[in-house]
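Okay, structure first, notes after.
Just so it is clear, none of the values below were taken in a lab; they were calculated from the coordinates. What you are looking at is a predicted structure, and each value in this text was computed from that prediction instead of being measured. Virtual Cβ from ideal backbone geometry, glycine too; neighbours counted across all protein chains shown.
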Amino acid sequence: MDTTPANTANLLRATGNAGIDTDPDETREWLEALEAVVQVAGHDRALTLLRLLEEQAQQRGIVANVPPYSAYRNTIPAEQEGSYPGDLAIEERLTSIMRWNALAMVVRANVAYGELGGHIGSYASAAEIFETGFNHFFRADEGRGGDLVFFQPHSAPGVYARAFLEGRLTEEHLANYRQEVGGRGLSSYPHPWLMPAFWQLPTGSMGIGPISAIYQARFMRYLANRGIADTSHRRVWGVFGDGEMDEPESVGALTLAARENLDNLTFVINCNLQRLDGPVRGNGQIIQELEALFSGAGWNVIKVLWGSDWDKLFARDGTHSLLRAFAETPDGEYQTLGAKDGRYNLEHFFGRAPELRAIVEEMSEAEIDALRRGGHDLRKLYFAFRAATLHRGRPTVILAKTKKGFGMGEAGESRMTVHQQKKLDVEALLRFRDRFALPIGDAEVAALAFYRPGNDGEEMRYLRARRAALGGALPARRRSASAVAVPVLQSYAQFAVAAQGKEMSTTMAAVRLVSALLKDPVLGRRIVPIVADEARTFGMANLFRQIGIYAPAGQQYEPEDAGSMLYYREAPDGQLLEEGITEAGALASWTAAATSYSAHGQAMLPFYIYYSMFGFQRVGDLIWAAADQRARGFLLGATAGRTTLGGEGLQHQDGSSHVMAAAVPNCRAYDPAFACELAVILDHGMRGMLERQADEFYYITVMNESYAQPSLPEGAAEDIVRGMYRLGASGTGAAQVRLLGSGAILREVMAAAEMLATEWNVRSEVFSVTSFSELAREARETERWNRFHPQQERRRSHVETLLAGDAPIVAATDYVRAYPQLVASYLRSPFTALGTDGFGRSDTRAALRSFFEVTREHVVVAALAALSREQAAEAIARYGIDTECEPSWLR
Ligand SMILES: Cc1ncc(C[n+]2csc(CCOP(=O)(O)OP(=O)(O)O)c2C)c(N)n1
């Protein structure tokens, strides 16, 4: 090693430590001493000395201010690479074919329709990364469950291009890219809902992929530690964009992955230095920033920055001039260099200093132009992937430096606008063909013909052999798992279905139901209770002891409450996932468990119980992705409603989640008032998801208000599931008014019915609405059927059947009015909705219900207002209702 002062100064500059060496001669002595130790006693001895020195320096209070990243070069030195196990020439040719078909797919769709969108530049930058995975690492099912790969969403055309070559997709499929409506089309991004036998993991919303990959890898370990499935040979791969890493979800769970030693997880970040509008870090270096971030979070970091042809340049560079120049080049400039030709690079990069120019003295401009970044070098990528799979104890991130739009030349390579580039003229296509030496004629290029080499040719044989060696095709999605028997309701839910007026809250009932199900010999071990630091809040502390908290490292401390009955028990086979304060993490965990039937062939039943306000509103996009992924499980929103949580105030009181849940097509949402309703819904949901393999999930809100619970009315179960059942009537004769009550406000409505009968001589019928969204869904379907079948006998929806006739309807809920109004347009009668529009606030339940005008008195006034103005005026006066105050949503 060159230890001259000039060189050490260069090295310090290259690593961001310029100007700190005040005594170069002394520096040299130290460096020579180190060099001598390495020569004589070896690496280990040198390392020991360095550690001891560091320890002593720290004792002396000397703390080094070392940049949290390494020099701007490949982590794996060329001499450690070894021999390549594949055929590089064939793989290069295959990669070029993938590139062409992916590009043709996008350009075709846009030539034909001009409005379908799609991306060329991203896959162009990621092709070698994908192909390295496909040819050497991504293991498919093999009957034991394969790897799970989160693909960068807008690089989907590359995955389709490969599936086309593999014979899994036809030319017709490719021609129908982004035209899904007529069938036989291909989704824009990975969408299991729309391509259920193909895509496993939805990644279209940036940030969801990275956090989901981490919790998926964690869930694999959970399954293994609990003895449910052997996942030891399986990995989770995630190919993500460098721009995508700015999403909070992308980085929010990195430390969990390191803390739980997830060496079954590899991220490959495609660092093409660009995102959509421009550079990811024009004035900085995203790769160095990501290295600092990931290594700080405890990950193993492998940088793949320079291709093999740079190795000889580094070998010639005795003065670290390359590293120095790299360190001084911001990403914005790398992008410009990437967009320009060899001459420009010679002048503007190598021309910066004589020693830099000397390194490339013998090279032509064309050779300089052909220098590749590491992420486009199959060989460099292979050794990085391999090192990741061999690394033990920590997850690995591979930071692969690429060029956005690689190979697109002037039509896109490293251009600011490349992300939006969807059309290429014939000249550009021909240049692309030539650039990658594709055996496609001019006419075929102009026609954007897809290319598949002969079935018996070298490429196709290689492609098939590689995938056969890796267990088959990927991605491929399993659609079902063995059914899990659900116990009969009476065996575990008697306390709820025959409650006989016993007081409890529905949250308490939910916890009791789950606790009882946990004891079921078949289903019990498949239940995955999940909390985000709210187990005590929801009365679940008994589960700590009963089933244990999942902690792969066990419990290496004596818990403070060790002597108590319900002590905080952590165990490697703990069943409860205690996620801490991360709703996003908890939801990602829930999704991993809720899709385990598909990803692992093991049906699990997750119950994630959380503050309902921090669900659909806070992590709604993760819920949307779970829906896309055909999740099966329960989300328990506690606490229901805007007035039930009393003192908690504005940001905690939920009056809107049911409106959002109603818009998720496969989410079945309920707001039950009674424990018996809850039990029936739970039973129905479990049977659907676990026995009938229905791709739906349940959102159920439960509340913390304790009151007398009735037994399940005879024959009500079916209607409870459909969304509404008749509770009874007050007064005699035909009802003059129908009262609908839901969730926390049902009891106010029941009381109002009594008041109407006794105080106003008005007969009313009362209905418990367990789900306005389910009622609306069926009513919508019925309405549509009737519209399209005008000459057939009219059908009636459930809500229409129960609410036939003209008597006015008053519906009251603890949610915003838009929730009950979901059904209003399907009914003939006048419909008044009472709800909790506006910001929540702290106060008692009674005060809040009065504020939002959902008390029994308000229900009475609303009912009377629909019947008789005089009586309404009288009731307003009698109940002292302030009619001149501002409405709740303006206060
Ligand atoms: C949550 C979210 N926000 C915005 C987008 C739109 N979008 C799609 S790709 C993209 C840029 C991605 O950049 P990067 O991650 O660097 O990947 P590249 O395409 O450069 O490889 C954006 C903003 C999205 N898909 N998801």
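Annotations
- Using the Cβ-Cβ distance between residue 197 and residue 714 with R0 set to 60 Å, the FRET efficiency works out to roughly 0.85.
- For the stretch 162-222, averaging the sequence separation of C-alpha pairs within contact (under 8 Å, six or more residues apart) and dividing by the residue count gives a relative contact order of 16 percent.
- When the chain is reduced to its Cα atoms, the Kirkwood hydrodynamic radius in Å: 30.9
- For the stretch 529-608 and the stretch 630-672, distance of Cα centres in Å: 22
- Using a cutoff of 8 angstrom between alpha carbon atoms and counting only pairs six or more residues apart, the relative contact order for the stretch 458-537 works out to 26 percent.
- Cβ-defined net charge surrounding residue 152, 11 Å radius [Lys, Arg +1; Asp, Glu -1]: -2
- Inter-centroid distance (Cα atoms) of the stretch 829-849 relative to the stretch 275-300, Å: 48
- Around residue 828: net Lys/Arg minus Asp/Glu count, Cβ-Cβ under 11 Å: -2
- Spacing of the two label points (7 Å from each Cα toward its C-beta) at residue 846 and residue 479, in nm: 5.7
- Karplus-derived 3J(HN,Hα), 6.51/-1.76/1.60, for each residue of the stretch 405-410, Hz, glycine and proline x: x, 3, x, 7, x, 5
- Karplus (6.51, -1.76, 1.60) ³J(HN,Hα), θ = phi - 60°, over the stretch 425-435, in Hz, Gly and Pro reported as x: 6, 4, 4, 5, 5, 5, 5, 4, 4, 5, 4
- Protection-proxy order for peptides 624-635, 298-309, each taking the mean of Cβ atoms within 10 Å per residue, highest first: 624-635, 298-309
- Ascending count of other beta-carbon atoms within 10 Å, so fewest first, for 861, 66, 445: 66, 445, 861
- Both radii are taken from the alpha-carbon atoms of the stretch 146-204; with Rh as the Kirkwood radius, Rg/Rh is 0.93.
- Which listed pairs, of 380/423; 401/422; 303/380, have C-alpha distances above 21 Å, in listed order: 380/423; 401/422
- Both radii are taken from the alpha-carbon atoms of the stretch 182-329; with Rh as the Kirkwood radius, Rg/Rh is 1.05.
- Entry note, the stretch 29-170: relative contact order of 20 percent, from Cα contacts under 8 Å with a spacing of 6+ residues.
- Calculated mean residue ellipticity at 222 nm for the chain: -12000 deg cm²/dmol, from DSSP H runs with n ≥ 4 weighted as -39500 (n - 2.57), summed, divided by the residue count and rounded to 500.
- Where labels lie 7 Å past Cα in the beta-carbon direction, separation of residue 111 and residue 747 in nm: 6.9
- Inter-label distance, nm, simple model (7 Å from Cα along the C-beta direction), residue 868/residue 886: 3.6
- Protection proxy ranking of 847-857, 50-60 - average other beta-carbon atoms within 10 Å, highest first: 847-857, 50-60
- For the pair the stretch 344-411 / the stretch 91-135, the C-alpha centres are spaced 21 Å from each other.
- Of the peptides 358-368, 20-30, the ranking by mean beta-carbon count within 10 Å, highest at the top, reads 358-368, 20-30.
- Taking the inverse of the mean reciprocal distance over all distinct Cα pairs, the Kirkwood hydrodynamic radius of the stretch 705-839 comes to 15.5 Å.
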